[in-house]
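Engineer: Here it is, the structure, as structure tokens.
Each reported figure results from applying straightforward, stated rules to the coordinates on display, with no laboratory input. Remember, it's a predicted structure, so these values are computed and weren't measured experimentally. Counting neighbours? That spans all protein chains shown, and the Cβs are built from the backbone with ideal geometry, glycine included.
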Amino acid sequence: MNRLSIVASHFLLIAIFLSSCQKSESLTDQSTEDNSSFQIKRGTNIAHWLSQSARRGIEREEFFTEKDIQFIDSVGFDHIRLPIDEEQMWDENGQRYDDAFALLKNSLEWCKKAGLRVVVDLHILRSHHFNAAEKPLWTIPAEQDKFIFLWKDLSSFLKDWPNGMVAYEFMNEPVADDPEQWNILLSRVADSIRHWEPKRVLVIGSNRWQSANTFDQLKIPANDPNILLSFHFYEPFFLSHYQASWTRLKDFKGDVNYPGEIVLNSDDPEHKRVYNRDTLLNMMRKPLQLAASLKLPLYCGEFGIIDKSPTEPKLAWYRDMVSIFDEHGIGYANWNYKAGSFGIVDKDIKPDLPIIKILTNPKAK
């Protein structure tokens with residue numbers, strides 16, 4: 001079966017799926033072509049395309065296409081979060097790679113046609129990877145100047161896209177030793193963007209992996225209504241990263257569980273911690289409090305469960321997470337859309353329908 005036939009068959013599956021549950025209503029009737037406020041509710045991350053991938057040339061082009069955007073729209077998502085890496089978009093002298101910027105433009109055109117919004121996320125810098133031991137961004141002033149330069153260049157490329165369609169996320173998961181380092185750099189880049197684009201929505205997260213627990217250390221630019229506060233959420237880690245090869249759990253063999261004690265049949269105190277919907281909500285308390293105090297919207301830009309985790313605990317967790325987001329008006333984008341150990345479709349757009357149904361229909365059981 002060729003790729004087009006595979007895609008067609010999967011769209012037929014989705015049509016059947018959608019007939020059993022009404023397609024998610026969009027958050028707003030606003031057009032993505034106007035300059036009204038940027039509002040999003042349900043989305044997905046486009047990982048391993050212009051970020052965290054060795055694909056180049058035709059392989060990169062074919063990994064993510066307009067067929068994917070059509071699928072994302074068809075199941076009821078209203079936006080994508082689009083990670084891009086410095087090393088994919090610019091050479092070491094800050095010159096654009098034209099082929100990568102062409103793909104970025106194509107994806108925006110596809111989203112415009114489908115009526116989807118886009119969070120453009122500068123995911124990894126040469127001077128900053130969220131899991132790297134050394135992060136020159138925080139110690140070398142020239143790297144901070146380069147960071148501002150990259151955003152000036154991105155703004156010049158993206159500024160003509162409507163404010164109601166495209167938002168900017170300065171950095172994915174900043175990790176500074178001192179939270180004030182991030183607050184200072186954040187203030188500087190926000191001030192710069194405001195000179196170029198006064199009303200663009202800026203997506204801002206906290207230091208140390210955009211953790212909910214560090215939100216009380218975050219300083220937000222004052223009197224700016226065009227900000228979307230963002231946190232990431234992968235708790236409990238035993239479930240979300242079960243046997244993940246890049247973590248301390250790579251050789252873990254325990255029986256993970258949710259809701260209830262996170263690891264069954266163990267006397268380890270860490271394993272006996274209980275997680276349920278109330279636990280998860282309580283862990284989001286700091287972002288909820290900051291958003292309420294500043295009267296700003298809140299967004300969970302990443303959350304998800306690795307494919308190795310057992311099915312029933314995984315689905316129960318997704319149901320609780322999405323019900324919390326829906327109850328508290330938190331927009332969200334799952335990590336991630338395609339392939340990889342967190343994908344909700346495979347490389348041929350074959351969907352994981354139970355998870356997609358939960359993500360796009362908050363009342364799904």
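Engineer: Mind listing the long-range amide H neighbours of ARG81? Cut-off is under 5 Å, sequence gap 5 or more, other chains count too, H placed in the peptide plane at 1.01 Å from N.
Structural biologist: Amide H neighbours of ARG81, under 5 Å, 5+ apart: THR44, ASN45, ILE46, VAL119.
Engineer: Turning to a different aspect of this structure: Kindly write out, for the stretch 174-186 in residue order, the coupling ³J(HN,Hα) from the Karplus curve 6.51 cos²θ - 1.76 cosθ + 1.60 (θ = phi - 60°), rounded to whole Hz, with x marking Gly and Pro.
Structural biologist: x, 9, 10, 4, 10, x, 5, 4, 5, 4, 5, 5, 4
Engineer: Separate question: With θ set to phi - 60°, apply the Karplus curve 6.51 cos²θ - 1.76 cosθ + 1.60 along the stretch 99-107 and write out the HN-Hα couplings as whole Hz, x wherever there is a Gly or Pro.
Structural biologist: With coefficients 6.51, -1.76 and 1.60, one gets 5, 5, 5, 5, 5, 4, 4, 4, 5 Hz.
Engineer: Using alpha carbon centroids, what distance separates the stretch 259-280 and the stretch 150-201, in Å?
Structural biologist: Value for the Cα centre distance between the two parts: 38 Å.
Engineer: How big is the equivalent ellipsoid of the chain along its three axes, where each semi-axis is √(5λ) from the Cα gyration tensor, reported in whole Å from largest to smallest? Walk me through the numbers on the way to the answer.
Structural biologist: Details: eigenvalues 172, 136, 89 Å².
They are 29, 26, 21 Å, listed from largest to smallest.
Engineer: Longest exposed-loop-site-free stretch of the chain, with GluC sites (Glu not before Pro), DSSP loop and at most 11 other Cβ within 10 Å?
Structural biologist: Values: sites that count: GLU25, GLU92, GLU134, GLU270.
Within the chain, the longest run free of exposed GluC sites (Glu not before Pro) spans 135-269.
Engineer: Still on this model: Report the one residue of ALA132, SER206, ALA316 whose Cα lies farthest in the direction of the positive end of the charge dipole of the chain (charges on C-beta: Lys and Arg +1, Asp and Glu -1; origin at the Cα centre).
Structural biologist: Going by the charge dipole, the pick is ALA316.
Engineer: List the relative contact order of the chain as a percent without decimals, with contacts defined as Cα pairs under 8 Å and 6+ residues apart.
Structural biologist: Details: 616 pairs, mean separation 63.8, N = 365.
Answer for the chain is 17 percent.
Engineer: Determine the distance separating the Cα centre of the stretch 72-107 from the Cα centre of the stretch 303-333; give it in Å without decimals.
Structural biologist: 26
Engineer: Among rounded, prolate and oblate, which fits the stretch 274-365 when a ≥ b ≥ c are the square roots of the eigenvalues of its C-alpha gyration tensor, a/c under 1.5 means rounded, and a/b larger than b/c means prolate? Let's see the in-between values first.
Structural biologist: Details: a/c = 2.14, a/b = 1.69, b/c = 1.26.
Here the stretch 274-365 falls in the prolate category.
Engineer: Exactly which trypsin sites (Lys or Arg not before Pro) in the stretch 289-338 are in a DSSP loop and have at most 10 other Cβ atoms within 10 Å? Write down the numbers at each step before the final one.
Structural biologist: On the way: sites: LYS295, LYS308, LYS314, ARG319, LYS338; in loops: LYS295, LYS308.
Passing both the DSSP loop test and the Cβ count: LYS295.
Engineer: Applying the Karplus parametrisation 6.51 cos²θ - 1.76 cosθ + 1.60 with θ = phi - 60° to the phi angles of the stretch 329-338, what ³J(HN,Hα) value in whole Hz is obtained for each residue in order, glycine and proline being reported as x?
Structural biologist: x, 9, x, 7, 9, 6, 9, 9, 7, 10
Engineer: Please get the size of the charge dipole for the chain, origin at its Cα centre, with Cβ charges of +1 on Lys and Arg and -1 on Asp and Glu, quoted in debye to the nearest 20. Don't skip to the end; give the middle numbers.
Structural biologist: Working: 43 positive and 51 negative charges, 141 e Å.
Computed about the Cα centre, the dipole is about 680 debye.
Engineer: Oh, and also: Enumerate the lysines that LYS41 could reach by cross-link, defined here as Cα to Cα under 19 Å, with residues fewer than 8 away along the same chain left out.
Structural biologist: LYS23, LYS112, LYS113, LYS295, LYS357, LYS363
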